[in-house]
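Undergrad: I'd like to ask you about the structure that follows.
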């Protein structure tokens, strides 16, 4: 993939028609597949189906400027749910999406989150207690897919106790400007000061690589945009992992 290509990540916050995956500026898309042990949304399957259709169209394109679209999936981590249950949830959704050989290695989203219930809501801030279950999930995904990528900020990594195991994997780091601002060009804060593989640096309308102007794909509302440094690690094999 060209390093100038954008990588777009989507979840239930984006409608399935938000991104035009045929846009040649987009080199890869990463979809939220699962969260905790049971979370799956209808938009996840719709996003993945749209990306697979675009993959087929771009694969058969005769335009040399059109790259093949790469597909990845990520899981949103919960520290109070067993790593095995989260792993099984992800694998079930991944199998339904025919996710496997040739796709981008899976990613784990490690960040604080808000839990809402009938009695109110509360924050779930990252603590050192998150490190062990996150590492367990990382080991399971690595055993099945060959490796995994970790989405984590420098502050999150420090809050988790600055674990060394996390630095053994490719990093996906967020440090971005909001709508109306220019995207940050370099990531200045990464776990362990390790250079990220993927840098989430902008949320807004598609940033025109050729024109230098803000332009939209299928919607005036923005999408999460990332810069890729080098090439993604791709899945070479999918291995059965004993429970």
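Undergrad: In the chain, what percentage of the DSSP-assigned beta bridges are antiparallel, given to the nearest 5?
TA: Of the beta bridges lying entirely in the chain, close to 45 percent run antiparallel.
Undergrad: I need the peptides 144-151, 17-24, 29-36 ranked by packing, meaning the mean over residues of other C-beta atoms within 10 angstrom, with the highest value on top.
TA: 29-36, 144-151, 17-24
Undergrad: Multiply the residue gap between residue 193 and residue 116 by 0.36 nm, knock off their C-alpha separation, and tell me the result in nm, one decimal place.
TA: Additional length available on full extension: 24.3 nm.
Undergrad: Let me check against my output: what whole-number percent is the relative contact order of the chain, with C-alpha pairs under 8 Å and at least 6 apart?
TA: Relative contact order comes out at 21 percent.
Undergrad: If R₀ is 45 angstrom, what is the calculated FRET efficiency for the pair residue 82 and residue 184, using the beta carbon separation as r and rounding to 0.05?
TA: 0.80
Undergrad: How far, in degrees from 0 to 90, does helix 42-59 lean away from the longest principal axis of the Cα atoms of the chain, to the nearest 10?
TA: 40 degrees
Undergrad: Further, regarding this structure: Using just the helices of the chain, give the 222 nm mean residue ellipticity in deg cm²/dmol: DSSP H runs with n ≥ 4 each add -39,500 (n - 2.57), and the total is spread over all residues, rounded to 500.
TA: -7000 deg cm²/dmol
Undergrad: Moving on to the next point. Which of the peptides 119-128, 158-167 is most tightly packed, and how do the rest follow, going by the mean number of other Cβ atoms within 10 Å of each residue?
TA: Taking the mean over residues of other Cβ atoms within 10 Å, the ranking is 158-167, 119-128.
Undergrad: State the antiparallel share, in %, of DSSP beta bridges confined to region 1-144, rounding to the nearest 5.
TA: 30 percent
Undergrad: Over region 48-145, calculate the relative contact order: mean separation of alpha carbon pairs under 8 Å at least 6 apart, over the residue count, as a percent.
TA: Answer for region 48-145 is 29 percent.
Undergrad: Find how many whole Å separate the alpha carbon centroid of region 21-51 from the alpha carbon centroid of region 122-197.
TA: If we compute the Cα centre of each part, the gap is 20 Å.
Undergrad: Give the residues of region 23-37 whose amide nitrogen is closer than 15 Å to a point set 7 Å from the Cα of residue 62 in the direction of its Cβ.
TA: none
Undergrad: Hey, of (i) 7, 29, 36, 23, 5, 0; (ii) 7, 26, 29, 22, 11, 4, 0; (iii) 7, 32, 38, 19, 3, 0, which did the structure itself give for P(r) over Cα pairs in 10 Å bins from 0, in percent when calculated?
TA: Here P(r) over Cα pairs in 10 Å bins from 0, in percent agrees with entry (iii).
Undergrad: Still on this model: Does anyone have the angle between helix 83-96 and the longest principal axis of the chain? Alpha-carbon axes, 0 to 90°, nearest 10?
TA: 30 degrees
Undergrad: Another one. Output the 0 to 90 degree angle, nearest 10, between the alpha-carbon long axis of helix 131-145 and the longest principal axis computed from the alpha carbons of the chain.
TA: For helix 131-145, the angle is close to 50 degrees.
All of the numbers you see were taken from the coordinates with simple rules; none came from a lab. If you're wondering where the values come from, they're calculated on a predicted model, not measured in any experiment. Positions of Cβ are generated from backbone atoms using ideal geometry, with glycine treated the same way; all protein chains shown enter the neighbour counts.
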